[in-house]
């Protein structure tokens, strides 16, 4: 069994990892942020996980990023590719995760300094009865299997209520120009 890492090593140099699960969640958020460049995302993740020492060591950025990704994937090498719609978002569902940790494990995440790998293990071990997994089940329920009209509509309504918010796609330069031209021609003021 692999123990939870506290450091990474490149050649003979050790870099302390900020292992707190909140930092890993922030790294996940940054990794999905299309409003910043790949380089900015990489540097932000390196800084969050390895602090000034990792950020300032420019010659090892590439290796540090590989180690950061491995850490954030909890040491798993396999690439997870799925065409299924996600049934959970770590940020959008954080309150459900908090409630589920409290009900299943008696752990309050507000005061907990938990290693990312432990958090991930606990998250995957939540019972089917916890609020997070009940919501995930609603999100993925195949309503076409429900014969009763009222029951089907009830589930559809719940799916709508608990649906994950779609992340807005940033506009291309062409779309921005078109939008700006529209507002200019129509003389409509816009709020940003």
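The values are calculated or read from the model by the stated rules, or taken from the named source; none is laboratory data. Just so you know, these numbers come straight off a predicted model, no measurement behind them. Counting neighbours? That spans all protein chains shown, and the Cβs are built from the backbone with ideal geometry, glycine included.
Within segment 37-52, identify whether any single residue is modelled with pLDDT under 95 and in a loop (DSSP other than H, G, I, E, B), and answer yes or no. Yes, there is a match, as at least one residue in segment 37-52 is modelled with pLDDT under 95 and in a loop (DSSP other than H, G, I, E, B).
Scanning segment 45-71 for residues that are crowded, with 18+ Cβ neighbours inside 10 Å and within 16 Å of the chain's Cα centre (by Cα) yields 45, 48, 49, 68, 71. The helices (runs of 4 or more DSSP H) located wholly in segment 82-192 that include 1 or more residues which are at pLDDT 85 or above occupy 94-105, 116-124, 131-140, 149-162. Checking every residue in segment 89-112 against the condition of being out of contact with any strand residue (DSSP E or B) (no Cβ under 8 Å at 6 or more places or on another chain) and within 30 Å of residue 13 (Cα to Cα) gives at least one match.
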